[in-house]
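Heads up: the structure comes next, in structure tokens.
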Amino acid sequence: MADGNSETKTSNQMWGGRFASGPDAIMEEINASIGFDKKLYAQDIRGSIAHATMLAHQGIISAEDKDKIVHGLNTILSEIESGQFEFSRRLEDIHMNIEARLATLIGPAAGRLHTARSRNDQVALDFRLWVKEELQRTEKALTGLIAAFLDRAEEHAETVMPGFTHLQTAQPVTFGHHCMAYVEMFGRDRSRVRHAIEHMDESPIGAAALAGTGFPIDRHMTASALGFAGPTRNSIDTVSDRDFALEFLSIAAIAATHMSRLAEEIVIWSTPQFGFIRLSDAFSTGSSIMPQKKNPDAAELVRAKTGRINGSLIALLTVMKGLPLAYSKDMQEDKEQVFDAAESLELAVAAMTGMVRDMTIRADRMKAAAGSGYSTATDLADWLVREAGLPFRDAHHVTGRAVALAEQKACDLADLSLEDLQSIHPSITAKVFDVLTVEASVASRTSFGGTAPNEVRKQIAWWRARN
């Protein structure tokens, strides 16, 4: 005879031990977002206060109810910030958690708060406010990173180092010039941040579920109260738009890529083989087995964070790519990606700013390396064009022969004798040696944006006036 509990046991085995009560437990697990969207509590309360104030101003709710709502919401804000608020998974999300607590605090008046709005425009507002504030934090952090590079660039406007292409020695540059390359990168990142803030500076509240509302609301009033330039102009797009989140993730991915390139250079430069820099103990770790090791872990972790941020961008792009208008529950998956990327980006920028300010520059090692690999060969070719009147292609060929002779003699170009050079081309004079030092090479690169110390200082001054 079959066990009377066999059907229940089979059902529980089917659903798995974690979901003891079957489909209802699974639905609660997949539907609840309070575990991560509680991060939006301040934005949710701020938006609700603005909405209630507008409803009262328009005569949609009474001033008395508005006052109760505002007082209750401020009480909830204090409870959350003091750690006294109890979040409930049963209530799904931050919006329902706050609404339920408000009803307990002030009674029936709480039910009037949701007049003329939906969770669709409510979550769009909360999330947009959060992203806007995060972008403002990112702008400030990038400004600090740029300032750190400007200080190092000014300090090392004349410090000679090798410039690389293909990670092979190319031409001498200054470390200050190299630092200013990153100023340009992070400056573009900051510019993208500012543009993104402009793009998303519209208030979603009042779009309701997707069609707007028949109540006589004033969306311009709520937009102004919440610090937006104005309200959004299409209610369908409003509740289905996550461009602002995608743009944030795109900006984060590009900025993280820039930091990853820098991190890679820091890792390389700090090796004994290069020895261009020393990282402080604050941004390094030792080895559990090799006592001599000093590992650039902070730089390596910044480099790794880039993969995580890129993954968040791809994840949200994939979520959004197949959604018909307007709102779909898929869009609940937007926040975790943005929250995680924001945390990773904040940490990476802070770590990189610290490393840039803290690292010791070994100018002697940089200068020694700057002259390796026949880095002044282009200067010789330019001299032949300028002084001997050779076409550049001919000068390039002559210089190639000079490099081959230097390799044969196991010496630098500057160590070849005048007779050696004249055996390759008789028009070469002793004046050529004036351009074959690394200092002369960098000093000669006076074109706008070039590596000459005076040009570097001009670029530093330009950026300081705008940072």
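Positive end of the dipole of region 340-467 (Cβ unit charges, origin at the Cα centre): among L405, A348, I424, the Cα lying farthest that way belongs to A348. Rg and Dmax over the alpha-carbon atoms of region 341-467 stand at 19.9, 64 Å. Hull volume per residue, based on the alpha-carbon atoms of the chain and their convex hull, is 252 Å³.
Once the trypsin sites (Lys or Arg not before Pro) in DSSP loops with at most 12 neighbouring Cβ atoms within 10 Å are cut out of the chain, the longest remaining piece is 19-232. When all C-alpha to C-alpha distances in region 46-183 are sorted into bins of 10 Å, what percent of pairs does each bin hold, rounded to whole numbers? Binned Cα distances yield the sequence 10, 26, 20, 10, 10, 14, 9, 1.
Using C-alpha pairs under 8 Å with a sequence gap of at least 6, the mean separation divided by the residue count of the chain gives a relative contact order of 16 percent. So the label point goes 7 Å from the Cα of I236 along Cα→C-beta, right? Which residues of region 303-325 then have their backbone N under 16 Å from it? Output list for this probe position: 323-325. Each Lys and Arg contributes +1 and each Asp and Glu -1, all at the Cβ; summed about the Cα centre of region 315-467, the dipole is approximately 420 debye. Beta bridges assigned by DSSP with both partners in the chain are antiparallel in approximately 80 percent of cases.
Among the helices of the chain, those built from whole DSSP H runs whose Cα atoms reach 30 Å or more along their own axis and whose mean Kyte-Doolittle hydropathy is at least 0.0 are 243-269, 297-320, 334-358.
For A282 and L167, the difference between the fully extended length at 0.36 nm per residue and the C-alpha to C-alpha distance is 38.6 nm. Using 1/(1 + (r/R0)^6) with R0 = 45 angstrom and r between the beta carbons of E154 and L418, what's the FRET efficiency to the nearest 0.05? For E154 and L418, the calculated efficiency is 0.70. Per-residue ellipticity at 222 nm, computed for the chain from helices alone with -39500 (n - 2.57) per DSSP H run of at least four residues, works out to -20000 deg cm²/dmol. Of the residues A263, F276, S48, the one whose Cα sits farthest toward the positive end of the charge dipole of the chain, with +1 on the Cβ of Lys and Arg and -1 on the Cβ of Asp and Glu, is F276.
Considering only H220, L384, P204, and ranking their Cα positions along the charge dipole of the chain that arises from unit charges at the beta-carbon of Lys, Arg, Asp and Glu, the one farthest toward the positive end is L384. Length gained on full extension, E264 to L91, computed as 0.36 nm times the residue gap minus the Cα-Cα distance: 57.7 nm.
Bear in mind that the values in this text are calculations on the coordinates, not laboratory data. All of these numbers come straight from a predicted model, not from anything done at the bench. Here Cβ is always computed from backbone atoms with ideal geometry, including for glycine, and neighbour counts include all displayed protein chains.
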